[in-house]
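A.B. asks: Quick one: the structure is below, and I'll ask about it shortly.
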Amino acid sequence: MLAFALRRILVAVSVALTVSVASFVLLHLSGDIATAIAGPEAIGEQIAAIRAQHGLDRPLIVQYAAWAWRALHLDFGRSFYFPEHVTDLVAARMPVTLTLGVIALAVALLVAIPLGVLAAFHRDTWLDRAALAVSVLGQAMPSFWFGLTLILIFSVNLRWLPVSGNATWKHFVLPAVALGYYAMPAVMRLTRNGMLEVLSSDYVRTARAKGLAPRKILVRHALRNAVIPVIALAAVQFGFMLGGSIVIEAVFSLQGLGQLAWESIARNDFPVVQAIVLVLAMIYIALTLAADLLNALLDPRLRT
Amino acid sequence: MPIRIDAGRVRVGTMRGMGALLAGLLLAGLAGPALAAKANDTLVYASDSEPENLSPYHNSVREGVILARNVWDTLIHRDPKTGEHQPQLATAWTWVDPVTLDLTIREGVTFHNGDPLTPEDVAFTFNYVLTPEAKIVTKGNVDWMKATEVTGPHSVRIHLKAPFPAALEYLSGPTPIFPAAYFKKVGLDGFSKAPVGTGPYRIVAVESGKGVRMVRNDKYWPGSPLGRPKIGKLEFRVIPDGDSRMAELMTGGVDWIWRVPTDQAEQLKNDPTLTVLSAETMRVGFLQFDVQGRAMENSPIKDARVRRAIFHAIDRKAMVDNLVRGGARVMNAACFIDQFGCTDAGVPAYAYDPAKARALLKEAGYPNGFEIDLAAYRERDYAEAVIGYLRAVGIRAKLNYLRYAAFRDALRGGKTSIGFQTWGSFSINDVSAFTGIYFRGGEEDLARDPAVIATLQAGDTGSDPAARKAKYAEALARIAGEAYVVPMFSYPSNYAFSRDLAFTAQADEVPRFYAASWK
Amino acid sequence: MTPRPATLTPAPAEVALPPARSPAAIALRRGLSHGGFLIGAAIVGFIVLAALAAPLIAPHDPYAQDVSRRLIPPVWHAKGGVAHLLGTDKLGRDYLSRLIYGSQISLLIGLSAALISGIIGTTLGVLAGYYGGRVDAVVSYVVTTRLAMPVVLVALAMASLVGGSLKVVVLVLGFLLWDRFAVVTRAATRQVRAQDFVAAARAAGFGPVRILAQEILPNILNALIVVATLEMAHAILLEAALSFLGLGVQPPLPSWGLMIAEGKQYMFFQPWVITIPGVALLVLVLGINLLGDGVRDITAPEGRH
């Protein structure tokens, strides 16, 4: 197990390094940084001075090392647009996106797991097919369109929930549903398949033969085993959702990381974009690492 | 099976952890809710852009102008109804000669932080913004000043670079006064996070990405031409998306929005809880060309015949009648027609004539048209309608829709061939506030025509109003003749707000919330 | 399928069970009795036909604007008319014509992005699966790195750096969506590689290129088709999202995502403006997904789910 864990951690670290190189390259592709820092009115001399002052005249590899060292200390430099440090901007918006992600994941799991279990128990009935239809629809629906439709129905027509912003928990309901619905089908299918597998396994058959009530079988044996891979998938889905929340945040004017990233892209504020890419990638790497280690802990066969 | 027991344990642990995380995040993510409306004496207004810096000299977005007018005072006040100049922070002023202006500074005015207003504050503000280190973005508003000196306990003297008859107009708008001691202490960064002025409202919170909260300045100096503010709390919310703003208004989340597209404004009129106002503004839309052809090799835009063809290709009247509406007018000269010095007499007018446009393109060597990019930052529909008209004469334009900052940089940097610009002249009722920005050789001038620059300089510095007008007419005629820009139309602004609110709109596109009240 | 020497023919259960029938006939029989597959094929076939015949069936020029005939509602609406069956948009362009031409864009993007990502992903996956060992480790690492990059954000950033356009969208999506191809073909290749006929081909002295092309690729084709449909659907949805955020396909091209973005400001009072392209997108993606699921079920060995 230890060897596996070390190997897995090594991979995670090298992936993290590669991603950091990619996001560093992204910033440098976006144009001349010295000109951007100097502002639109600066003349040649000022730009040259800024280039020297920020060390932008050094070889790229040296610049990368310096940048990576600072990034390790959570220092991503200053925004080109706001008179603020990128870290402060990102930190201010992070809770909104994390809250949205957590609620959306909760919505997805709370709907998908029971639905998957029901579908497996009532395999090949109308219930199974309905669950399948819900999941197929979820995969086919453009999330921003779904979000707009939710606003139209629940905010404008019924006036139950607010339209935009993140002031109260109510503001998170619609965006979380829109985001969570997208993640739901995968979780549901996995739960259903896991349940089917477990239900056909020997010990459940034995339990049935012993005359245990179906509910007890469900709770005591089947669910517990079927849920393990779902936790791993949930971790991965959470990472995807943080990345995908950019669209939902735009629809609901939620001032989270996604909205900040989108606006920063539109404003050519690439230090911010680069930091957000890096932060989201790191969260994803950490989550998948945790999920893999957890899985390996639970299932020795995976330690290869 | 030991593994299964482990699984249960781990799962429970994870769930508990998740619960704690969730609770923590909820607490962190949810600040106190903002309540709009009369009951809380809080007027929440929403608009799309967040000023990059709250210092009025360091942003050029309209939201910044609104904040500036509600939080800071200027030396002189211009009555929006009569256009008369009245004393504000300056009680009196005299022209010593055409390049020297003496002003008496009002006593007994204090800044929001308690510092008294002194002539030093005035001199510091104006001298500071002229320094290159200040890196202000509104240079065109102050670069007529050479230096400001304190001449007595209550007086200052402004030295001009050259005679500038519109000086009082500029002193009554985009030149707010900063508290010198506080600014020196906190610097620009600190100032932008906790700005201090003398105006009717005091900023209490600046929330990045969300907006600005203000409360009434209860110590606002009596006798100000702005009057005493009536509403207790003011909140500016940044909602980038127009439809979200409208939905927020319809559901009571905000009290006031503007720039409602005319189609939607007409629908909102049916809502009994809302008031909808439409008024023409000083804002003029225009296509600005990359005249020097920096954006692409062998740019067709360098050819005046192509630019004239574009002029002829667009049915501006149909756009005004069907799309823009709300009191908009077609503009022929590159300025707002009611500004001092703006005229379309003698300015060549280009009728909608696609056949002529095609002929001109053929003459210029583009019988099959060409591909080009067009950048826009405001109403997408208008830009798309222009693209549709261009397509009809063979010009295949691709829309590049950007935020204002990126849009401005793209035009200035010669990275786009056509820009759908709009300009509100900083609400200054003088043609120099338009032509001075786009044709006098500055950063935004993409034509850099020496003849136009010279004529405009003569107009800006002349002392005889009639002679100034003649110079401007000459410059405007040349601008239109060369088709450096295609003036489109004036912009109406559609305001929509809660029935409870008494609000009057002004043509200068500056909502004066200090004058608003609850019904 | 490529004909192969009798000695190399595998004898899996599916071929052996009904002796008289060929695999193609079995697939056909299964396909005709698979409801999802039929619906999916019908939807996709219909939309492909509409896209191909767009110039013939579109009632108007999708770019012809007439600002005096704006926002006419669809025909089922009281104020609608037969001149514009689905009404007109904010610039007076015929909505049905734009919808028909828009299908070309969605299909073009889906197919090209799936093709590019298919080539990249399959190459990586097959190499990893065939050679294993270090090659496999490198490919896995590349896939993990790719998965760690937030797709929408990176696609947006790239599109904004180069400027959004149809070509850019196709390239960006093509270069971002290959991960599933790699994962699936790697697994499939490993499985096929272990089979007798591959070992036999090797023993017969065939080079790796020939083995890959003649033995492996045909046998992972089914898996590839399934992934290709998934990625097509994925690319179409992502294009719509990018266009919605303003950094995808640029006006005046009638992309469905762009139509939703442009119609957004009318959604409160003229909801059909976003409902029509939204439903079109939903139906197309649904059709592609059903088709892909169907192919998977049909080609799966009997009795497996």
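A.B. asks: Where only protein heavy atoms count, and the probe is 1.4 Å, what is the accessible area per residue for chain B in Å²?
C.D. replies: 36 Å²
A.B. asks: Which trypsin sites (Lys or Arg not before Pro) in region C:220-305 sit in a loop by DSSP (not H, G, I, E or B) and have at most 12 other Cβ atoms within 10 Å of their own Cβ?
C.D. replies: Here the sparse-neighbourhood loop sites are C:Arg304.
A.B. asks: Then there's this: Given a Förster radius of 60 Å and the C-beta distance between B:Asp500 and A:Ser201 as r, what FRET efficiency does 1/(1 + (r/R0)^6) yield to the nearest 0.05?
C.D. replies: After rounding, the FRET efficiency stands at 0.35.
A.B. asks: What does the convex hull of the Cα atoms come to per residue for region B:281-491, in Å³? List each step's numbers first, then the result.
C.D. replies: On the way: hull volume 22.4 nm³, N = 211.
Residue-normalised Cα hull volume stands at 106 Å³.
A.B. asks: Something else now. Angle check, please: helix C:272-299 long axis (alpha carbons) against the longest principal axis of chain C (alpha carbons), in degrees 0 to 90, nearest 10.
C.D. replies: Its long axis makes an angle of about 10 degrees.
A.B. asks: Follow-up. Accessible area of B:Arg325, 1.4 Å probe, to the nearest 10 Å²?
C.D. replies: Counting only protein heavy atoms, the figure is 50 Å².
A.B. asks: A further question on this structure: Starting from the Kirkwood radius over alpha-carbon pairs of region C:48-111, derive D by Stokes-Einstein at 10 °C in a medium of 1.306 mPa s and give it in µm² s⁻¹.
C.D. replies: On the way: Rh = 12.0 Å.
Using the Kirkwood radius from Cα pairs, D works out to 133 µm²/s.
A.B. asks: Which value, in square angstrom to the nearest 100, describes the accessible area buried between chains B and A on both sides, using a 1.4 angstrom probe?
C.D. replies: The contact between A and B buries close to 4100 Å².
A.B. asks: Further, regarding this structure: Once both axes come from the Cα atoms, what is the angle between helix C:133-148 and the longest principal axis of chain C, in degrees from 0 to 90, rounded to 10?
C.D. replies: Roughly 20 degrees between the two axes.
A.B. asks: Hey, in the GNM for chain A with a 10 angstrom Cα cutoff, which one of A:Ser20, A:Ser155, A:Ser79 fluctuates hardest?
C.D. replies: Taking springs between Cα atoms under 10 Å, the residue moving most is A:Ser155.
A.B. asks: Could you tally the net charge around C:Tyr130, taking each other residue with its Cβ under 15 Å from the Cβ of C:Tyr130, Lys/Arg +1 and Asp/Glu -1? Don't jump to the answer; show the numbers that get you there.
C.D. replies: Details: positive: C:Arg134, C:Arg186, C:Arg190, C:Arg193, C:Arg202, C:Arg210; negative: C:Asp136, C:Glu215.
After counting each charged neighbour, the total is +4.
A.B. asks: Using the Cα centre of region B:281-491 as origin and beta-carbon charges of +1 (Lys, Arg) and -1 (Asp, Glu), tell me which of B:Asn368, B:Ile479, B:Pro348 is placed farthest towards the positive end of the dipole.
C.D. replies: Farthest along the dipole direction, towards plus: B:Asn368.
A.B. asks: Something else now. Calculate, for B:Asp464 and B:Leu130, the FRET efficiency according to 1/(1 + (r/R0)^6) with r their C-beta to C-beta distance and R0 41 Å; round to the nearest 0.05.
C.D. replies: For B:Asp464 and B:Leu130, the calculated efficiency is 0.90.
A.B. asks: Here's something else I'd like to know. Counting only C-alpha contacts under 8 Å and six or more residues apart, can you give the relative contact order of region B:281-491 as a whole percent?
C.D. replies: Working: 410 pairs, mean separation 78.4, N = 211.
It comes to 37 percent, rounded to a whole number.
A.B. asks: Leaving out ligands and nucleic acids, and using a 1.4 Å probe, what accessible area per residue does region A:95-302 come to in Å²? Mind dumping the intermediate values first?
C.D. replies: Values: 7600 Å² over 208 residues.
On a per-residue basis, 37 Å².
A.B. asks: Then there is this: Rounded to the nearest Å, what's the spacing between the alpha carbon centres of region B:331-362 and region A:152-200? Just the number, please.
C.D. replies: Computed from Cα coordinates, the inter-centre distance equals 54 Å.
A.B. asks: Further, regarding this structure: Once all Cα-Cα distances of chain A are split into 20 Å bins that start at 0, what whole-number percent is in each one?
C.D. replies: Once binned at 20 Å, the Cα pair distances of chain A give 27, 48, 22, 3, 0.
A.B. asks: Another question, then. Report, in cubic angstrom per residue, the convex hull volume of the C-alpha atoms of the protein assembly as shown.
C.D. replies: Looking at the protein assembly as shown, the number lands at 197 Å³ per residue.
A.B. asks: Hey, in the GNM for chain A with a 10 angstrom Cα cutoff, which one of A:Ile228, A:Ile113, A:Ile47 fluctuates hardest?
C.D. replies: In the Gaussian network model the winner is A:Ile47.
A.B. asks: Right, next: Please find, in a Gaussian network model of chain A (springs between Cα atoms separated by less than 10 Å), the residue of A:Ile61, A:Ile103, A:Ile151 whose mean-square fluctuation is greatest.
C.D. replies: A:Ile61
A.B. asks: Could you run the numbers on buried accessible area between A and C, total for both chains, 1.4 angstrom probe, in Å² to the nearest 100?
C.D. replies: Summed over both sides, the interface buries about 3400 Å².
A.B. asks: Compare the Cα positions of A:Leu242, A:Leu72, B:Asn429 along the charge dipole of the protein assembly as shown (+1 at Cβ of Lys, Arg; -1 at Cβ of Asp, Glu; about the Cα centre) and return the one farthest towards the positive end.
C.D. replies: A:Leu242
A.B. asks: Check each residue of region B:180-226 and keep those whose accessible area, probe 1.4 Å, is at least 10 Å² smaller with all protein chains in place than in the chain alone; give them in order of residue number.
C.D. replies: The answer is B:Asp189, B:Ser192, B:Lys193, B:Ser208, B:Gly209, B:Lys210.
A.B. asks: Do me a favour and compute the ellipsoid semi-axes for region C:52-283 from its Cα gyration tensor, root of five times each eigenvalue, largest one first, whole Å. Kindly include the intermediate steps, with their values, before the conclusion.
C.D. replies: Numbers: eigenvalues 404, 67, 31 Å².
So the equivalent ellipsoid measures 45, 18, 12 Å along its semi-axes.
A.B. asks: With the other protein chains left in place, how much accessible area per residue, in square angstrom, belongs to region C:52-283 at a 1.4 angstrom probe?
C.D. replies: Here the per-residue accessible area is 37 Å².
A.B. asks: Just add up the charged neighbours of C:Gly257: K/R +1, D/E -1, any other residue whose Cβ is under 14 Å from the Cβ of C:Gly257.
C.D. replies: Working: positive: C:Arg98, C:Lys264; negative: C:Glu239, C:Glu262.
Every neighbour counted, the sum reads 0.
A.B. asks: So, one more: Find the centroid of the Cα atoms in region C:156-172 and in region A:72-119, then give the distance between the two in whole Å.
C.D. replies: 25 Å
A.B. asks: What do you reckon, how do C:His34, B:His312 stack up by accessible area (1.4 Å probe), largest on top?
C.D. replies: C:His34, B:His312
A.B. asks: Follow-up question, since we're still on this one. According to the Cα gyration tensor, what semi-axes, each the square root of 5 times an eigenvalue, does the equivalent ellipsoid of chain B have, listed from largest to smallest in whole Å?
C.D. replies: Largest first, chain B gives 39, 35, 22 Å.
A.B. asks: Could you report the accessible area of C:Trp256 in Å², rounded to 10, computed with a 1.4 Å probe on the protein chains as they sit in the structure?
C.D. replies: 10 Å²
A.B. asks: Additional query: Just reorder C:His234, B:His154 by solvent-accessible area, largest first, 1.4 Å probe, all chains present. Walk me through the intermediate numbers first.
C.D. replies: Numbers: C:His234 55, B:His154 75 Å².
In descending accessible area the options line up as B:His154, C:His234.
A.B. asks: Which residues, if any, in region C:240-254 have at least 40 Å² less accessible area in the whole protein complex than in the isolated chain, probe 1.4 Å?
C.D. replies: C:Phe244, C:Leu245, C:Gln250, C:Pro251, C:Pro252
A.B. asks: Still on this structure: Taking a probe of 1.4 angstrom, what is the accessible area of B:Lys415 in Å², to the nearest 10?
C.D. replies: Probe radius 1.4 Å; accessible area of B:Lys415 about 140 Å².
A.B. asks: If you roll a 1.4 angstrom probe over the protein chains with everything in place, what fraction of the accessible area of the protein assembly as shown belongs to carbon and sulfur, to the nearest %?
C.D. replies: Taking all protein chains in place, the protein assembly as shown shows 62 percent carbon and sulfur surface.
A.B. asks: Could you tell me whether region B:56-199 comes out rounded, prolate or oblate from its Cα gyration tensor? Rule is a ≥ b ≥ c as square roots of the eigenvalues, rounded for a/c under 1.5, then prolate if a/b exceeds b/c, otherwise oblate.
C.D. replies: Note, shape of region B:56-199 comes out rounded.
A.B. asks: Rounded to the nearest 100 Å², what is the buried accessible area between C and B, both sides summed, probe 1.4 Å?
C.D. replies: Details: alone 15830 and 22060 Å², together 35660 Å².
In total, this chain pair buries about 2200 Å².
A.B. asks: Next question, about the same structure. Take B:Lys233, B:Lys161 and sort them by solvent-accessible surface of the protein heavy atoms, 1.4 Å probe, largest at the top. Before the final figure, lay out each step's value.
C.D. replies: Values: B:Lys233 95, B:Lys161 125 Å².
Result, largest first: B:Lys161, B:Lys233.
The values are calculated or read from the model by the stated rules, or taken from the named source; none is laboratory data. The structure presented is a predicted model; accordingly, all values stated were derived computationally and were not measured. Using ideal geometry, Cβ is built from the backbone for each residue, glycine included, and neighbour counts are taken over all protein chains shown. Calculation scope for accessible area: heavy atoms of the full protein, side chains included, ligands and nucleic acids excluded. Shrake-Rupley method; radii C 1.70, N 1.55, O 1.52, S 1.80 Å.
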